[in-house]
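Notes follow once the structure below has been shown.
The values are calculated or read from the model by the stated rules, or taken from the named source; none is laboratory data. Everything numeric here is computed off the predicted structure, so don't read it as measured data. Cβ sites come from the backbone with ideal geometry, for glycine too, and all protein chains shown count toward neighbours.
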Amino acid sequence: MKELLKIVALLRKKCPWDRKQTLNKIKPLFINEVYELVDKINKKNFEGIEEELGDLLLLIVFASQLLKEKKKSDFSKILIRLKKKIIYRHPHVFKKEKVKKVKEVIKNCENLKKKEKKVAIVDGIPKILPALHYAEVIQDRVKRVGFDWENKEDVLNKVEEEIGELKEAIKKKNKKEIENEVGDILFALVNLSRHLNLSAEESLKKACQRFIKRFKKLEKEFEKQGKDLREATLKEMDEVWEKIKKS
């Protein structure tokens, strides 16, 4: 670790690209690296996971070096703060407090966080998160204090209720109301996904990938027939689409 810190400090002195970097400039790199890491985890590419973890660690060390140069912090202070936080939020590990279930651990952790920061349960959730994942995090936060549906059937009923409200909004032709109801449906669907032990973000991503795969087959099918897809009717495309889905 000491060697890595020295290397990064040297890069800041001698590499023209590294010298120009700022915290604002490397923000997109953090986002890209996290997504690349998640992609490798999804693919169970363990060599890739190792590489992406290294890239992410490099960015963390690089950011700490930038803070050190500004005399705002450094890597050792970051580690000390992290260590204190871990110990403080795990009294069942580092002190004599006893817990039996995961729910008790989460509840205790939330109580400690609230005492520490004196903020609302839903504060501190990054707004930069993708919308579906943002909804998942919000719902997970409020679930920790018991604000949640008791079963998936109730959530499914809520989805159906929201669809009914959307239909009414469409009849009224009220654009703002329509937007609100579409948002409520998506939020309810995220809730349903969570109760089915699914990630709404991952489910939608897979649906997009399935759509792309099927649409490519649709294009190839029309090419085989010597037809231009752009000149085909919706009915013709639907017939081929249904065949592709069944296959």
Exercise. ARG89: touching a Cys at 6+ places or on another chain (Cβ under 7 Å) and either surrounded by 14 or more Cβ atoms within 10 Å (Cβ to Cβ) or within 27 Å of LEU10 (Cβ to Cβ) (or both), yes or no?
Worked result: yes
Exercise. Which of the following residues is in contact with an Asp or Glu (Cβ under 7 Å, 6 or more places away or on another chain) and either exposed (fewer than 15 other Cβ atoms within 10 Å of the Cβ) or of a type in the set (A, V, I, L, M, F, W, C) (or both): LEU59, LEU5?
Worked result: LEU59
Problem set entry | segment 132-154, residues that are part of a helix (DSSP H, G or I) and either within 12 Å of the chain's Cα centre (by Cα) or not basic (Lys, Arg) (or both) | LEU132, HIS133, TYR134, ALA135, GLU136, VAL137, ILE138, GLN139, ASP140, VAL142, GLU153, ASP154
Exercise. PHE75 is checked against (1) surrounded by 14 or more Cβ atoms within 10 Å (Cβ to Cβ); (2) modelled with pLDDT under 90; (3) more than 24 Å from the chain's Cα centre (by Cα) and fails just one. What number does that condition carry?
Worked result: (2)
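Can you tell me which residue is surrounded by the most Cβ atoms within 10 Å (Cβ to Cβ) among those in segment 104-142 that are acidic (Asp, Glu) and not assigned by TED's automatic domain parsing to the domain that holds ASP184? Walk me through how you get there before you give the answer.
As a first pass, look at segment 104-142 and keep what is acidic (Asp, Glu): 104, 110, 116, 123, 136, 140.
Then drop every residue that is not not assigned by TED's automatic domain parsing to the domain that holds ASP184, which leaves 104, 110, 116, 123.
Numbers: GLU104: 13, GLU110: 15, GLU116: 11, ASP123: 11.
Across segment 104-142, the extreme among qualifying residues is GLU110.
Only one residue in LYS152, LYS245, LYS173 is in contact with a Leu (Cβ under 8 Å, 6 or more places away or on another chain) and not hydrophobic (A, V, I, L, M, F, W, C), so which one is that? Before you say what the answer is, go through the steps one by one.
Details: LYS245 fails: in contact with a Leu (Cβ under 8 Å, 6 or more places away or on another chain); LYS173 fails: in contact with a Leu (Cβ under 8 Å, 6 or more places away or on another chain).
None of the other options fit; the residue is LYS152.
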Exercise. From ASP148, ASP154, which residue is free of Cβ contacts under 8 Å to residues at least 40 places away in the same chain, of a type in the set (Asp, Glu) and closer than 25 Å to ASP123 by Cβ?
Worked result: ASP148
